[in-house]
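Some notes on the structure that comes next.
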Amino acid sequence: MKQQANLIRAGQVIEHDGRRWTVLKQQIITPGKGGAFIQVEMRDLKSGNKTNERWRTADTVERLLTEEKEYTYSYTDGTNLVLMDPESYEQVHIPAELIGDAAAFLQDNMPVTVDLVEGDPVGIHLPQTVVLEVVEADPVVRGQTAASSYKPARLSNGVKTSVPPFIETGEKIVVRTEDASYVERSKG
């Protein structure tokens, strides 16, 4: 499906130079002189290579339609994630590189959404938040009363984050999966 270049958004899959690319970042640039253009950082789905491309805002690109399918995470087998289709109970092997750094947040039986283009997986999305235990947190520094003072902490999955001063080792907290940021104390 053809679309104008200025409508490209992160997460979309486009076809360019005979290859499929997933859009990582996009930015519309308006120079002082001349027309605006869009700069897109994208990754080749086959090779994994990244590139930057520029188009005028009036140019058109071929956008591929993605289908979303729900799966349940089972385990990691070498370089593949093993996911189960909750309807048919079939196991599917998907390359772990599609999830990137967010793999640290995978938990047994976690529901995940896989983006498919013509049956081929092109992206994996985790739930927005997960509950993790704080395994290491620095003690509170007396006199640090600023409202926005955070302290470093390490979570049960090995990821480091910043938490408010009242969070202690052993507590369970809700963490955002996209950037490992603290959301709130777990209510369970």
* **Hz values of 3J(HN,Hα) by residue in region 19-24 - Karplus curve (6.51, -1.76, 1.60), Gly and Pro given as x** => 10, 9, 10, 9, 7, 8
* Structure fact -> Amide H contacts under 5 Å for T169, restricted to residues at least 5 apart in sequence or on another chain and with H modeled in the peptide plane, are A137
* Who wins for biggest fluctuation among P86, P95, P121 in a Gaussian network model of the chain, springs between alpha carbons below 10 Å? -> P86
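Kirkwood-based Rg over Rh for region 129-185 (C-alpha set), two decimals?
Values: Rg = 10.7 Å, Rh = 11.3 Å.
Here the Rg-to-Rh quotient is 0.95.
If you only keep lysine pairs separated by 8 or more in sequence, or across chains, how many in the chain come under 17 Å at the Cα atoms? Walk me through the numbers before you get to the answer.
Working: K25/K50; K151/K160; K151/K172; K160/K172; K172/K187.
Eligible lysine pairs with Cα atoms under 17 Å apart amount to 5.
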* Structure fact -> For V131 and K151, extending 7 Å from Cα along the Cα-Cβ vector and measuring point to point gives, in nm, a value of 2.4
* To do: For K33 and L116, compute 0.36 nm times the residue count separating them, minus their Cα-Cα distance, and round to one decimal in nm.
  => 25.8 nm
* Asked: What residues have an amide H closer than 5 Å to that of V140, excluding those fewer than 5 places away on the same chain, when H is modeled at 1.01 Å from N in the peptide plane?
  -> none
* **Taking M110, M42 and counting other C-beta atoms within 10 Å, the order from fewest to most** => M110, M42
* Structure fact -> Output row, site S162, 7 Å Cα→C-beta label point, backbone N cut-off 13 Å, window region 92-109, residues none
* Find the Rg to Rh ratio for region 2-64, where Rh is the Kirkwood radius over alpha-carbon pairs and Rg uses the same atoms. => 0.97
* Structure fact -> One point scatterer per Cα, no solvent, Debye formula: log10 I(q)/I(0) for the chain at q = 0.17, 0.18 Å⁻¹ comes out as -1.07, -1.12
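Values quoted throughout were computed directly from the atomic coordinates according to the rules given, and no laboratory measurement underlies them. Because the structure is a prediction, the values reported are computed rather than measured. Methodologically, a virtual Cβ is constructed for each residue, glycine included, from the backbone with ideal geometry; neighbour enumeration extends over all protein chains shown.
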